[in-house]
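Student: One structure, as structure tokens, below. Some questions next.
The values are calculated or read from the model by the stated rules, or taken from the named source; none is laboratory data. Computed from a prediction, not measured in an experiment: that's the story for all the values here. FYI the Cβ positions are ideal-geometry reconstructions off the backbone, even for glycines, and counts take in every protein chain you see. Note: areas computed on protein heavy atoms with side chains; ligands, DNA, RNA excluded. Shrake-Rupley method; radii C 1.70, N 1.55, O 1.52, S 1.80 Å.
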Amino acid sequence: MKKVKAVAIALLCSAVAFTQTDSLQNLSTVVVTGNKYETNERQSGKTITKITAEQLAQHQGKTVAEILNTVAGVHVDAANNHNGNNTSFYLRGGRRGQVLVLIDGIAVNDASDIDNAYDLRFLNTNNIESIEVLKGGAGSLYGSDAVSGVVNIILKKTISNELNGNGGVRLSTFGDVNPYINISSGYEKFKFHVGLNYLTSESFSAAKDTFRAAIVDSSLVTPNKGDFEKDKIEELNAMVKMSYSIDENWGINSMIMIDRFESGIDNGEFTDDENRVYQGTQQLYNLQPKYSYDNGSLKLNMTYHKIDRTDNNDTTEFVATAFKPSYTGGFLQSAFGSERYDSELQWKHDFASNITMVMGMGYEKLQSNSENTNYSFLTGGPTEQEYTRYSDNYTELYDPYVSFFASQNQLSVQAGVRANFHSKYGEHLTYSINPAINMPLNDNMDLKVYGNASTSFKAPSLYQLFNVSFGNSELEAEEAEEFEVGATLYYNDNLKVNVAYYNRNEVNKVGFDFSTFRYSNIDARSVTGVDVEANYQISKKFAMTYNYSTVNSTVETSLYRIPKVKYGFGVNIMPCEGLTTNLFYNYIGTRETPNFNTGGLTVMENYNLLNVSANYSKIYEDRVSLFVGINNLMDSDYVDVYGFTEKGRNATLGVNYKF
């Protein structure tokens, strides 16, 4: 805590010392996630963090998980491990499936995942324009899964009919080779955008190659010899966006995304596996006809989203046993698939310049299937299929909603309600009310004070309900109530400081019951925390950022792997025209995780990461830019996920060409 206070005081002192009125960027950003339409952030009473295109450019070579890990209130477990490892996304102490992930406003949570969480490995920053993180319950606006917040991934799009775009390549000391290209153009009423990204990486071993000292009977374990093989990665991302303006009122937007991710993975903590491969494929098809008129719009959003994941584990190293002397090995294949059918009819209408209504009707069908098959290799004969476990299930949800936003002078209020009609859980009503008041303190300074009271509903995942081995069809739906109060200080368009306190009460929380080896409603809990974010554009050539978050829960086990304290700060300096340098420091606090070998807990100590980067853009008529970044500059030795390899010092070099 002393370190936190010291950093905060240093930042505030620096801010006072360097106060100027010059501004490189306007901190009053426009966001879309808070109300489902474009709103000036100063008018919103919600806590929203926007990662802009300029900020993404400072994080070249990082994954979406690593970038989100720098946001106050967010922790992404395994973000600093091998990029093939599955990550767990936590927002304000919420578990993986309590965060709704959107791509251009389209829900993409994976119905085949244990927690209905989205796999961030499908995303590549080369196709992303910006990211918005809405913190706090948003069930009345976005429906099920938006318990602790919403993450909206906003993709690049066409801005004119002229041919334009960018392309480049990125290399890293992990053996990354990452070419990419984005092309936009149009003709008269038709516009399109194409984004292609390919990545191949030698990477490193996912499992940590050290002796398993934590295991009680270490004599049963052969010490590792430092010869774990590298788990290679291959990634392909393709995106096509098209729009056609029929006339001044009617238009159609469409999008196709196809993403493929493949990585070598290991067999658990400290355990190498040379023949295990994870493969994931995502397909998304979206069509949006829209009618616009003077005071509003009416649009129909229709989406089909399919995810297939396969874990191929070749076990040919196993030896014959007395029970099966002809057994020489085997091949275990676990396949998981999900399909989402989403449609939403949305009507936005401005009753006046200061009163807006958004009304809609949503439909969601989630379907999943899973198949685990074990093949045995027989001496001198064909393979024998030992067993297959298969499940195929679905749920449906109809959810009409309405939301109003009104403002008068300095006061604004957003209020909404949604009725969730679930095929298994019947009707659940969620609401939110979100007042805010903007108070001018003097000619240069404003203070916004806001509050948010909301309820959320989350249906258990299809895996938790219907899995043959671990599912429980008698589960109750999770429900939550959240109260938030916050304040944002603005100084001109140069300084923004936001402080928010929240309290979320959850009931019917779903978890794994080790006494029955099935999922059950294990407990209720209360989660409290504080988020702090500050952005200060001190001058045209000097900017600073700071974030701090703390979280606590009445059920300590619900915070496994989540640090109770995180903070970070960044400095952006432009020493000369065209050259931008960035330094970012991140502190991740102590975490605990169950150790199933000892039956106790493993404590993962706090750690610090320091990243630096530079981007120079004044080459060949400002069309060519060069990027270099060094991550974990001090080569810190730390534990992100117990038993798995962390990223040591590494460098990224990139070149980009704009046309």
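Student: Is it the case that some residue within the range 201-212 is touching a strand residue (DSSP E or B) at 6+ places or on another chain (Cβ under 6 Å), within 22 Å of N237 (Cα to Cα), at pLDDT 95 or above and surrounded by fewer than 19 Cβ atoms within 10 Å (Cβ to Cβ)?
Tutor: No: zero hits.
Student: Among the residues that make up the range 472-490, is at least one of them free of Cβ contacts under 8 Å to residues at least 24 places away in the same chain, open to solvent by 60 Å² or more (accessible area, probe 1.4 Å) and not in a strand (DSSP E or B)?
Tutor: Just the residues of the range 472-490 that are free of Cβ contacts under 8 Å to residues at least 24 places away in the same chain, to begin with: 473-474.
Pick out the ones that are also open to solvent by 60 Å² or more (accessible area, probe 1.4 Å) and you get 474.
Applying the additional criterion that residues be not in a strand (DSSP E or B) yields 474.
Taking every residue of the range 472-490 in turn, at least one turns out to be free of Cβ contacts under 8 Å to residues at least 24 places away in the same chain, open to solvent by 60 Å² or more (accessible area, probe 1.4 Å) and not in a strand (DSSP E or B).
Student: Just wondering, is there one or more residues in the range 120-138 that are on the phi > 0 side of the Ramachandran plot, assigned to a loop (DSSP other than H, G, I, E, B) and not acidic (D, E)? First the steps, then the outcome.
Tutor: Taking the range 120-138 first, the residues on the phi > 0 side of the Ramachandran plot are 136.
Add one more test, that the residue is assigned to a loop (DSSP other than H, G, I, E, B), and what stays is 136.
Filter once more, so that each one left must be not acidic (D, E): 136.
Yes, some residue in the range 120-138 is on the phi > 0 side of the Ramachandran plot, assigned to a loop (DSSP other than H, G, I, E, B) and not acidic (D, E).
Student: It is to be established whether one or more residues within the range 522-529 are among the β-branched types (V, I, T), over 30 Å from L447 (Cα atoms) and open to solvent by 30 Å² or more (accessible area, probe 1.4 Å). Write out each step before concluding.
Tutor: Taking the range 522-529 first, the residues among the β-branched types (V, I, T) are 522, 527-528.
From the residues that got through so far, the ones that are over 30 Å from L447 (Cα atoms) too are 522.
Next, only the ones that are open to solvent by 30 Å² or more (accessible area, probe 1.4 Å) stay: 522.
Yes, some residue in the range 522-529 is among the β-branched types (V, I, T), over 30 Å from L447 (Cα atoms) and open to solvent by 30 Å² or more (accessible area, probe 1.4 Å).
Student: Among the residues of the range 573-599, write down those that are assigned to a strand (DSSP E or B), open to solvent by 30 Å² or more (accessible area, probe 1.4 Å) and not hydroxyl-bearing (S, T, Y).
Tutor: Across the range 573-599, the qualifying residues are I573, M574, P575, C576, L579, L583, E592, P594.
Student: (1) open to solvent by 20 Å² or more (accessible area, probe 1.4 Å); (2) under 21 Å from T303 (Cα atoms): which one isn't true of D119, the others all being true?
Tutor: For D119, the failing item is (1).
Student: Right, here's the next one. Of all residues in the range 213-249 being open to solvent by 30 Å² or more (accessible area, probe 1.4 Å) and under 17 Å from G84 (Cα atoms), which is modelled with the lowest pLDDT?
Tutor: By that ranking, first place goes to F228.
Student: Looking at this structure, is S617 open to solvent by 30 Å² or more (accessible area, probe 1.4 Å), small (G, A, S), within 27 Å of the chain's Cα centre (by Cα) and modelled with pLDDT under 95?
Tutor: Spelling it out, it is not the case that S617 is open to solvent by 30 Å² or more (accessible area, probe 1.4 Å), small (G, A, S), within 27 Å of the chain's Cα centre (by Cα) and modelled with pLDDT under 95.
Student: Then there is this: Only one of (1) at pLDDT 90 or above; (2) surrounded by 17 or more Cβ atoms within 10 Å (Cβ to Cβ); (3) more than 30 Å from E344 (Cα to Cα); (4) touching a Ser or Thr at 6+ places or on another chain (Cβ under 6 Å) fails for L163. Which number is that?
Tutor: So the condition that L163 fails would be (2).
One line per residue, one yes/no per condition, for (1) modelled with pLDDT under 90; (2) touching a helix residue (DSSP H, G or I) at 6+ places or on another chain (Cβ under 9 Å); (3) of a type in the set (G, A, S):
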{"residue": "K3", "(1), (2), (3)": "yes, no, no"}
{"residue": "A10", "(1), (2), (3)": "yes, no, yes"}
{"residue": "D22", "(1), (2), (3)": "yes, no, no"}
{"residue": "T39", "(1), (2), (3)": "yes, no, no"}
{"residue": "K46", "(1), (2), (3)": "no, no, no"}
{"residue": "L102", "(1), (2), (3)": "no, yes, no"}
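Student: How many of the residues making up the range 395-432 are farther than 21 Å from Q346 by Cβ and among the basic types (K, R)?
Tutor: Qualifying residue count for the region: 1.
Student: Would you check which residues across the range 379-406 are open to solvent by 50 Å² or more (accessible area, probe 1.4 Å), in a strand (DSSP E or B) and at pLDDT below 95 and list them?
Tutor: T383, E384, Q385, E386, Y387, T388, R389, Y390, D392, Y394
Student: Right, another one. Take T125 and decide whether it is among the hydroxyl-bearing types (S, T, Y) and touching a residue at least 40 places away in the same chain (Cβ under 8 Å).
Tutor: yes
One line per residue, one yes/no per condition, for (1) among the small types (G, A, S); (2) open to solvent by 50 Å² or more (accessible area, probe 1.4 Å); (3) part of a strand (DSSP E or B):
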| residue | (1), (2), (3) |
| --- | --- |
| K424 | no, yes, no |
| I433 | no, yes, yes |
| N438 | no, no, yes |
| D446 | no, no, yes |
| Y463 | no, no, no |
| T516 | no, yes, no |
| E533 | no, no, yes |
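Student: Moving on to the next point. Could we say that R525 is on the phi > 0 side of the Ramachandran plot and outside any helix (DSSP H, G or I) here?
Tutor: no
Student: Moving to a separate point now. Only one residue in S549, S558 is open to solvent by less than 50 Å² (accessible area, probe 1.4 Å), assigned to a helix (DSSP H, G or I) and farther than 20 Å from Q58 by Cβ, so which one is that?
Tutor: Details: S549 fails: assigned to a helix (DSSP H, G or I).
Result: S558 is the single residue among S549, S558 that is open to solvent by less than 50 Å² (accessible area, probe 1.4 Å), assigned to a helix (DSSP H, G or I) and farther than 20 Å from Q58 by Cβ.
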